[in-house]
Amino acid sequence: MSIIQFRGVSKHFDELRVLDEVDLSIEQGEVVVLIGPSGSGKSTLLRCINGLEQITGGDLRVDDISVLAGNARLREIRQEAGMVFQQFNLFPQLTALQNVAFGPRHVRGKSRREAEEIGLELLDKVGLKERAHHYPAELSGGQQQRVAIARALAVRPKVMLFDEPTSALDPELKQEVLNVMRNLAEEGMTMVVVTHEMAFARQVGSRLIFMEHGKIAVDGDPCEMLCNPTNPRLKDFLRHVH
Amino acid sequence: MNTDWSVITGFLPELLDGAEMTLYITLVGLAGGMAVGVVAGLMRAYGHWTLNYVAMAYIELIRGTPIVVQVMFLYFALPVLASIRIDPLTAAMIAIVVNAGAYIAEIVRGALQSISRGLAEAGLALGLPRWKVLVYIVGPLAFRRLIPPLGNQCIVSLKDTSLFIVIGVSELTRTGQEIMAANFRAVEIWTAIAAIYLIMTGTLTLLLRVIERRLRIL
Ligand SMILES: Nc1ncnc2c1ncn2[C@@H]1O[C@H](COP(=O)(O)OP(=O)(O)OP(=O)(O)O)[C@@H](O)[C@H]1O
Ligand SMILES: [Mg+2]
């Protein structure tokens, strides 16, 4: 059974059709990289998976739970599918550790001590244990994004969704975040990643999807698609990214 | 013109009684006003459209009419309309509750809506129910932004109590008026009254400074 299953999924914002009958199955362990021009619907596709946007047509299941099955089931989906945002969105009034411990404490219902242990374990994983008691404002962008990844992981999701996780970062800070993601992929985490980092797509991605006008235009092996693109619009797109 | 400041000492106990009444009306009124304001502000920010319109109608009704008219309505018109008779003090307190509530509602709504959507989404994406996002994330952040305008409203409401002179509540201004009518010491009495208001509002301002310094805006 696929961990994520789109069947004819559409998403409209009023008259604007942003996703157009998308069919897509993602299996456990896949690292799917999503690329495409601005406005092609990449973020929307990602946000439909965890119900931050509600689909307007078709059927979308995560771990066999429909995103339309009601609030309680939707919260289950969100615990299964962690999300990392372009703007980090760390809770500014909480320290790094409190941010990471937040999910275990308030979503998983762990005790304060257990939550803190999980928090430290995950901060260690992203190489920020010694920053545990700093507030987000006291961290660099790269560090903030690593804390945000740890925060999402702390809920113990089965899938991780990344929406341009390095786009808000200076070039020299991108790498530390990409390294954390690479390690995560190597551990076998199922990932869906919207990014413009083609090197990451080639080296870490197990599958590349090129979106255009709310449809999946090309879906295949990253190396093949990037080295010998046959689709003319993909070719054109890649020329602009490089 | 001869002024004799020593007359104030004689009237000070009366004036302080008036000040106490002013503070009492303000405190009770603001406590109620905050409760009403938080509820109406939440309705504006998160309520579906009927709740939203109810809150909006209330806010516009109150903001669009003078507080003197509101308290006159409560005290003189309500008994006629609904045969509900209330004493002047109750009318004064209700007037502050209703009036401050409307302004505080807008303050609460503004503070809630000033918190970045991304933070609420980050909370939701973790699997939190909406109320927890409000209680643990958006609420605490909005609260910090609430303090300065809320403090301002407290000062405004405190001064608004002087308008209840029109229904004869023996708050500070009314007390001064009564003393005046007996001895015509206008300069001394009104100076003393102004000073007492200043002490009350100044204390409030200082208190707010302390709270603001404790709670950094994030
Ligand atoms: N909340 C919204 N209301 C209305 N239109 C929206 C909303 N969110 C997105 N859109 C529109 O949907 C389309 C797709 O947006 P989306 O953010 O999914 O694109 P994207 O592929 O992620 O683009 P980018 O690379 O710029 O991030 C755009 O035309 C956008 O303007
Ligand atoms: Mg996007």
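One residue stands out among those in segment B:45-63 that are among the aliphatic types (A, V, I, L, M) and under 24 Å from B:ILE115 (Cα atoms): the one that is farthest from the chain's Cα centre (by Cα), which is B:LEU51. Looking at A:GLY70, is it within 14 Å of chain B (Cβ to nearest Cβ), free of Cβ contacts under 8 Å to residues at least 40 places away in the same chain, over 13 Å from B:GLU121 (Cα atoms) and not aromatic (Phe, Trp, Tyr)? Criteria met by A:GLY70.
Conditions tested, residue by residue: (1) among the aromatic types (Phe, Trp, Tyr); (2) over 30 Å from A:ASN99 (Cβ atoms).
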site: B:ALA95; (1), (2): no, yes
site: B:LEU126; (1), (2): no, no
site: B:PRO129; (1), (2): no, no
site: B:TYR136; (1), (2): yes, no
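Can you tell me which residue within segment A:206-215, out of those that are open to solvent by less than 10 Å² (accessible area, probe 1.4 Å) and on the phi < 0 side of the Ramachandran plot, is farthest from ligand 2 (Cβ to nearest atom)? Checked segment A:206-215; the qualifying residue farthest from ligand 2 (Cβ to nearest atom) is A:LEU208. Of the residues making up segment B:159-188, those that are under 17 Å from B:LEU16 (Cβ atoms) and part of a helix (DSSP H, G or I) are B:THR161, B:SER162, B:LEU172, B:THR173, B:ARG174, B:THR175, B:GLY176, B:GLN177, B:GLU178, B:ILE179, B:MET180, B:GLU188. The residues of segment B:175-186 that are aliphatic (A, V, I, L, M) and under 10 Å from B:VAL7 (Cβ atoms) amount to a single one, B:ILE179. For segment A:1-57, no strands (runs of 3 or more DSSP E) sit wholly inside it while including 1 or more residues that are within 14 Å of chain B (Cβ to nearest Cβ) and within 16 Å of ligand 2 (Cβ to nearest atom). One residue alone among B:THR191, B:THR201 is more than 14 Å from chain A (Cβ to nearest Cβ), more than 26 Å from B:GLY47 (Cβ to Cβ), outside any loop (DSSP other than H, G, I, E, B) and open to solvent by less than 50 Å² (accessible area, probe 1.4 Å), and that residue is B:THR201.
Is one or more of the residues making up segment A:116-133 within 14 Å of chain B (Cβ to nearest Cβ), surrounded by fewer than 19 Cβ atoms within 10 Å (Cβ to Cβ), over 24 Å from A:GLU164 (Cα atoms) and out of contact with any strand residue (DSSP E or B) (no Cβ under 9 Å at 6 or more places or on another chain)? Taking every residue of segment A:116-133 in turn, none turns out to be within 14 Å of chain B (Cβ to nearest Cβ), surrounded by fewer than 19 Cβ atoms within 10 Å (Cβ to Cβ), over 24 Å from A:GLU164 (Cα atoms) and out of contact with any strand residue (DSSP E or B) (no Cβ under 9 Å at 6 or more places or on another chain).
Here is a yes/no grid of residues against (1) more than 15 Å from ligand 1 (Cβ to nearest atom); (2) open to solvent by 40 Å² or more (accessible area, probe 1.4 Å):
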| position | (1), (2) |
| --- | --- |
| A:SER38 | no, yes |
| A:LEU45 | no, no |
| A:ILE55 | no, no |
| A:SER66 | yes, no |
| A:ARG75 | yes, yes |
| A:ARG78 | yes, no |
| A:GLN87 | no, yes |
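Is there a residue in segment A:154-165 that is modelled with pLDDT of 95 or more, more than 14 Å from every other protein chain (Cβ to nearest Cβ) and open to solvent by less than 10 Å² (accessible area, probe 1.4 Å)? Within segment A:154-165, not a single residue is modelled with pLDDT of 95 or more, more than 14 Å from every other protein chain (Cβ to nearest Cβ) and open to solvent by less than 10 Å² (accessible area, probe 1.4 Å). The set of residues in segment B:141-188 that are among the basic types (Lys, Arg) and within 14 Å of the chain's Cα centre (by Cα) contains only B:LYS159. In segment A:158-205, of all residues being within 16 Å of ligand 2 (Cβ to nearest atom) and free of Cβ contacts under 8 Å to residues at least 60 places away in the same chain, the one that is farthest from A:ILE65 (Cα to Cα) corresponds to A:LEU169. Tallying residues that are among the small types (Gly, Ala, Ser) and under 19 Å from B:LEU126 (Cα atoms) within segment A:109-150 yields 6. Flag not set for A:ARG113, criterion: under 22 Å from the mean Cα position of the chain (by Cα) and part of a helix (DSSP H, G or I).
The values are calculated or read from the model by the stated rules, or taken from the named source; none is laboratory data. Since the structure is predicted, the reported quantities are computational estimates derived from the model, not experimental observations. Note: ideal-geometry Cβ built from the backbone for every residue, glycine included; neighbour counts use all protein chains shown. When the accessible area is computed, the model is the full protein with side chains, heavy atoms only, and any ligands, DNA or RNA have been set aside. Shrake-Rupley method; radii C 1.70, N 1.55, O 1.52, S 1.80 Å.
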